[in-house]
Amino acid sequence: MIFVLQMAVSNIRYGEGVTKEIGMDLQNLGAKRVCLMTDRNLSQLPPVDAVLNSLSKCGINFQMYDNVRVEPTDQSFLDAIEFAKKGEFDAYVAVGGGSVIDTCKAANLYASNPTSDFLDYVNAPLGKGKAVTVPLKPLIAVPTTAGTGSETTGVAIFDFKELKVKTGIASRAIKPTLGIIDPLHTLSLPERIVANSGFDVLCHALESYTALPYKMRSPCPSNPINRPAYQGSNPISDVWALHALRIVAKYLKRAIRNPEDHEARANMHLASAFAGIGFGNAGVHLCHGMSYPISGLVKTYKAKDYNVDHSLVPHGLSVVLTSPAVFAFTAQVNPERHLEAAEILGADIRTARIKDAGLILADTLRKFLFDLNVDDGLAAIGYSKADIPALVKGTLPQAFFRMQDEFVEIDPIHSTVVSLTSKDHVSGLKSWLALCGIGGGDEES
């Protein structure tokens, strides 16, 4: 069988104050009508001011959409898409975290093909998962958090409210044309936003490095347009994932604890992009696959430092809470990589046994998270044992099952598989969730 690896990444520009070049970039693109997309909080803050100053200086004609929802939904995507269709824009600028950048990707896609149905490009099995064959307009992404890496990837995530699950759109065609990484934009971020964004970087790096290798996946498709954006761990993604993990180990705690530590915050901004390049071509697995119902089924939890008018479990928090239980389990696939990751994060592995790799990485992660005052498991964000069936139900739409061998594809958004030894996937998911800090005392939902 022939296995092919294809790498895709946005152009990246890095440097303090580099945001001032955006107006010139749009001039060079010949843009005549630009959509500037952000959220209401950011619209009043320095990152958006810097972009507005650049657009004004270069005489760029633009309209601003500042109604992006933190943790987007299908409806908030549709609202942005409608704005984009009416505006008939020839370029886009997204200023914000992953929510803003993902929303802008979706707006660009559907405005570029205005007759398409919303579910046409949504990942199967919830949507049709059609290949993107229409040309999109240029999109410049300006990330203001050090987390999602969305400026480098071809994925856009949203809550499907009717089904109470997260899903998304995955295609190389929707990745930004240019990512502007300006570390000045992270200096004013509050502590818990820095923490939760950093946890996303941590899990992007860990999951993409421990994903099933691309040569163990399906062979080369008959047409390259059908090659998945996320292909499994591979020699190129491994370089970026490991480099990002080392930066996280060195700088995340510093970036959280001291907003004046410019070196730490700048390096975490780069780590976000590095991990994005890694998982953007390799993918992620169980932490992300299980995180979608954790955030989508949120009850009354509201994370500190997030100025929103709705209950919210931040994406990075929903991902990292399951990480100790997940990596204790997945180590059976490739224990050497799990042990290597534990060492990077500070574990002493000189006398470690390879069979203990998963437990060692899990314990290392628990200590890392405890040091950063992370909520103690799913019970701390409002879930009980009574919620496990709903959490399992919300995870299963992320799953594609391969009947041969013992592989289960848990996360089609990121299209990465891990090896399971049990074919009873529902029972397996219940067991993992029970290990993720849901207490046994309160059975009420």
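Remarks
- The sole residue among 53, 108 that is surrounded by fewer than 21 Cβ atoms within 10 Å (Cβ to Cβ) and of a type in the set (S, T, N, Q) is 53.
- Residue within the range 211-227 that is touching a helix residue (DSSP H, G or I) at 6+ places or on another chain (Cβ under 6 Å), within 18 Å of residue 333 (Cα to Cα) and of a type in the set (A, V, I, L, M) present: yes
- Residue list for the range 59-74, restricted to those being surrounded by 17 or more Cβ atoms within 10 Å (Cβ to Cβ) and assigned to a loop (DSSP other than H, G, I, E, B): 60, 66, 68, 69, 70, 71, 72
- Flag if residue 357 is open to solvent by less than 20 Å² (accessible area, probe 1.4 Å) and over 17 Å from residue 244 (Cα atoms): yes
- The listed residues are 328, 341, and the only one of them that is aliphatic (A, V, I, L, M) and open to solvent by 20 Å² or more (accessible area, probe 1.4 Å) turns out to be 328.
- Taking (1) within 25 Å of residue 13 (Cβ to Cβ); (2) touching a strand residue (DSSP E or B) at 6+ places or on another chain (Cβ under 9 Å); (3) of a type outside the set (A, V, I, L, M, F, W, C); (4) modelled with pLDDT under 95 in turn, residue 259 satisfies each apart from (2).
- For the range 75-131, the set of residues classified as of a type in the set (S, T, N, Q) and either part of a helix (DSSP H, G or I) or under 19 Å from the mean Cα position of the chain (by Cα) (or both) consists of 75, 76, 99, 103, 108, 112, 123, listed by residue number.
- Selected residue (criterion: most open to solvent (accessible area, probe 1.4 Å)) from residues of the range 15-35 that are more than 26 Å from residue 265 (Cβ to Cβ) and outside any helix (DSSP H, G or I): 32
- Residues that are farther than 21 Å from residue 316 by Cα, surrounded by fewer than 24 Cβ atoms within 10 Å (Cβ to Cβ) and among the hydrophobic types (A, V, I, L, M, F, W, C), drawn from the range 170-195: 173, 174, 178, 184
- Answer residue from the range 284-298, given it is open to solvent by 10 Å² or more (accessible area, probe 1.4 Å) and either acidic (Asp, Glu) or assigned to a loop (DSSP other than H, G, I, E, B) (or both) and is nearest to residue 395 (Cα to Cα) among those: 297
- Some residue of the range 309-325 being more than 18 Å from residue 199 (Cβ to Cβ) and open to solvent by less than 40 Å² (accessible area, probe 1.4 Å): yes
- Among the residues listed as 224, 228, 213, the single one being at pLDDT below 95, open to solvent by 30 Å² or more (accessible area, probe 1.4 Å) and within 19 Å of the chain's Cα centre (by Cα): 228
The values are calculated or read from the model by the stated rules, or taken from the named source; none is laboratory data. Here the structure is a predicted model, which means the values were calculated and not measured. Quick reminder, even Gly has a Cβ in these numbers, built from the backbone with ideal geometry, and neighbours come from all protein chains shown. Ligands, DNA and RNA are stripped out before the accessible areas are found, and what is left, the full protein with its side chains, is counted by its heavy atoms. Shrake-Rupley method; radii C 1.70, N 1.55, O 1.52, S 1.80 Å.
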